[in-house]
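S.K.: Encoded as structure tokens, here's the structure I'll be asking about.
The values are calculated or read from the model by the stated rules, or taken from the named source; none is laboratory data. Here the structure is a predicted model, which is why all the values come from computation and not from measurement. Note that we place each Cβ from the backbone using ideal geometry, even for glycine, and neighbour counts take in every protein chain shown.
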Amino acid sequence: MIRMINDLLSLSRLDSGTSKIDLEYLNLNEFFNYILDRFDMMLKTDNEHTGEASSANQSEKRKQYTIKREITRRDLWVEVDPDKFMQVIDNILNNAIKYSPDGGVITARLLETHNHVILSISDQGLGIPRKDLNKIFDRFYRVDKARSRKQGGTGLGLAISKEVVEALNGRIWVDSQEGRGSTFYISLPYDPLDDGGEWDEA
Ligand SMILES: Nc1ncnc2c1ncn2[C@@H]1O[C@H](COP(=O)(O)OP(=O)(O)OP(=O)(O)O)[C@@H](O)[C@H]1O
Ligand SMILES: [Mg+2]
């Protein structure tokens, strides 16, 4: 409930323009790897606590997954709002885990084109029926009401993600086949000559 209220607050702030976007130059390469490290770490700490009280609280053991990284080695300096952008990637990764069977492989990719960076996250999960593809970014939209009630969440994650990515002048979209998996893409404007290093001149 608290999460839903926070999500609704973020959306209404984004709507009304009262949510300030705090832009910073980030090396997206490092930033993405850092988030993925955190997801890898969650698996480890989970496994270490198996059988202890902490995991006994959860009705079942947390789902297992493997993250494969196909990430450029180049530094990619991009202007984003770090907190908000992290929330976007967190949601997409959590969705990939939530809507996949136990032990699924998630592939995280990052590459650059001549004026964009493209970040993508693929899973081998349930996939999304064709008729729902352009609705999943709508507020409160969830593909299978019965199935997703059990999964928790409110259907606001992707709506927030879209607002944030668009506020960064980027695009977010999905490619999916029901029963085979989904890939979420985010592209952001990128200027290869702009390393955010205006400080270096001095
Ligand atoms: N990787 C995925 N595979 C299959 N279905 C997905 C995937 N990601 C999202 N969906 C579908 O899109 C819906 C909307 O996703 P969204 O992240 O907005 O909401 P949620 O995950 O249900 O809840 P919340 O993010 O608010 O906790 C989901 O309920 C699910 O039906
Ligand atoms: Mg979600």
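S.K.: Here are the criteria: (1) in contact with a helix residue (DSSP H, G or I) (Cβ under 6 Å, 6 or more places away or on another chain); (2) surrounded by 15 or more Cβ atoms within 10 Å (Cβ to Cβ). Tell me which single one Q151 does not satisfy.
M.R.: Exception for Q151: condition (2).
S.K.: Given V105, V117, which one is at pLDDT 95 or above, assigned to a strand (DSSP E or B) and in contact with a Leu (Cβ under 7 Å, 6 or more places away or on another chain)?
M.R.: Working: V105 fails: in contact with a Leu (Cβ under 7 Å, 6 or more places away or on another chain).
It is V117.
S.K.: Select from segment 107-132 the residues that are within 10 Å of S182 (Cα to Cα) and β-branched (V, I, T) and list them in ascending order.
M.R.: Passing the criteria: I121, I128.
S.K.: Let me ask something else about it. Which of the residues that make up segment 88-109 are among the polar types (S, T, N, Q) and buried (at least 17 other Cβ atoms within 10 Å of the Cβ)?
M.R.: Initial filter on segment 88-109 (among the polar types (S, T, N, Q)): 91, 94-95, 100, 107.
Within segment 88-109, N91, N95, S100, T107 meet the criteria.
S.K.: With the structure loaded, tell me whether Y65 is out of contact with any Phe, Trp or Tyr (no Cβ under 7 Å at 6 or more places or on another chain), at pLDDT 95 or above and exposed (fewer than 15 other Cβ atoms within 10 Å of the Cβ) or whether it fails that test.
M.R.: Values: out of contact with any Phe, Trp or Tyr (no Cβ under 7 Å at 6 or more places or on another chain): yes; at pLDDT 95 or above: yes; exposed (fewer than 15 other Cβ atoms within 10 Å of the Cβ): no.
Considered against the rule, which asks whether it is out of contact with any Phe, Trp or Tyr (no Cβ under 7 Å at 6 or more places or on another chain), at pLDDT 95 or above and exposed (fewer than 15 other Cβ atoms within 10 Å of the Cβ), Y65 comes out as no.
S.K.: Now, a different point. Is it the case that segment 78-94 has a residue that's out of contact with any strand residue (DSSP E or B) (no Cβ under 9 Å at 6 or more places or on another chain) and without any contact (Cβ under 8 Å) to a residue 40 or more places away in the chain?
M.R.: no
S.K.: Restricting attention to segment 87-143, and to residues there that are among the acidic types (D, E) and out of contact with any Pro (no Cβ under 9 Å at 6 or more places or on another chain), which single residue is nearest to I21 (Cα to Cα)? Before you say what the answer is, go through the steps one by one.
M.R.: We begin by selecting, within segment 87-143, every residue among the acidic types (D, E); these are 90, 102, 112, 123, 132, 138.
Narrowing further to those that are out of contact with any Pro (no Cβ under 9 Å at 6 or more places or on another chain): 90, 102, 123, 132, 138.
Values: D90: 18, D102: 36, D123: 30, D132: 30, D138: 21 Å.
That would be D90.
S.K.: Can you tell me which residue among L158, L119 is within 26 Å of E24 (Cβ to Cβ), more than 13 Å from ligand 2 (Cβ to nearest atom) and buried (at least 19 other Cβ atoms within 10 Å of the Cβ)?
M.R.: Exactly one of L158, L119 is within 26 Å of E24 (Cβ to Cβ), more than 13 Å from ligand 2 (Cβ to nearest atom) and buried (at least 19 other Cβ atoms within 10 Å of the Cβ), namely L119.
S.K.: Now for a different question. For K162, state whether it is assigned to a helix (DSSP H, G or I) and farther than 24 Å from L11 by Cα. So that I can check it myself, show each step before the final result.
M.R.: On the way: assigned to a helix (DSSP H, G or I): yes; farther than 24 Å from L11 by Cα: no.
So K162 fails the test.
S.K.: Right, something else. Only residues in segment 132-144 that are in contact (Cβ under 8 Å) with a residue 12 or more places away in the chain count as the first member; pair them with residues that are away from ligand 2 (no atom under 12 Å from the Cβ) and in a loop (DSSP other than H, G, I, E, B), Cβ under 9 angstrom, at least 6 apart or cross-chain, and list the lot.
M.R.: What qualifies is I136/I128; Y141/K135; V143/L126; V143/I128; V143/P129; V143/K135.
S.K.: Select from segment 128-156 the residues that are within 7 Å of ligand 1 (Cβ to nearest atom) and at pLDDT below 95 and list them in ascending order. Please lay out each step first, then the result.
M.R.: First, pick out the residues of segment 128-156 that are within 7 Å of ligand 1 (Cβ to nearest atom): 128, 136, 141-144, 148, 151-156.
Those that are within 7 Å of ligand 1 (Cβ to nearest atom) and at pLDDT below 95: Y141, R142, V143, D144, S148, Q151, G152, G153, T154, G155, L156.
S.K.: Let me ask something else about it. Examine segment 96-107 for a residue that is among the small types (G, A, S) and within 15 Å of ligand 2 (Cβ to nearest atom), and state whether such a residue exists. Break it down into steps so the answer makes sense when it comes.
M.R.: As a first pass, look at segment 96-107 and keep what is among the small types (G, A, S): 96, 100, 103-104.
Now narrow it down to the ones that are within 15 Å of ligand 2 (Cβ to nearest atom): 96, 100.
Within segment 96-107, one or more residues are among the small types (G, A, S) and within 15 Å of ligand 2 (Cβ to nearest atom).
S.K.: Now a separate question. More than 7 Å from ligand 1 (Cβ to nearest atom) and under 14 Å from R139 (Cβ atoms): is that true of I160 in this structure?
M.R.: Numbers: more than 7 Å from ligand 1 (Cβ to nearest atom): yes; under 14 Å from R139 (Cβ atoms): yes.
Yes; evaluated as a whole, the condition is true for this residue.
S.K.: Go through (1) within 11 Å of ligand 1 (Cβ to nearest atom); (2) in contact (Cβ under 8 Å) with a residue 12 or more places away in the chain one by one and return the number of the condition A108 breaks.
M.R.: (1)
S.K.: If you don't mind, there's one more thing I want to ask. Quick check on my filter: what residues within segment 165-177 are assigned to a strand (DSSP E or B) and β-branched (V, I, T)?
M.R.: Correct list: I172, V174.
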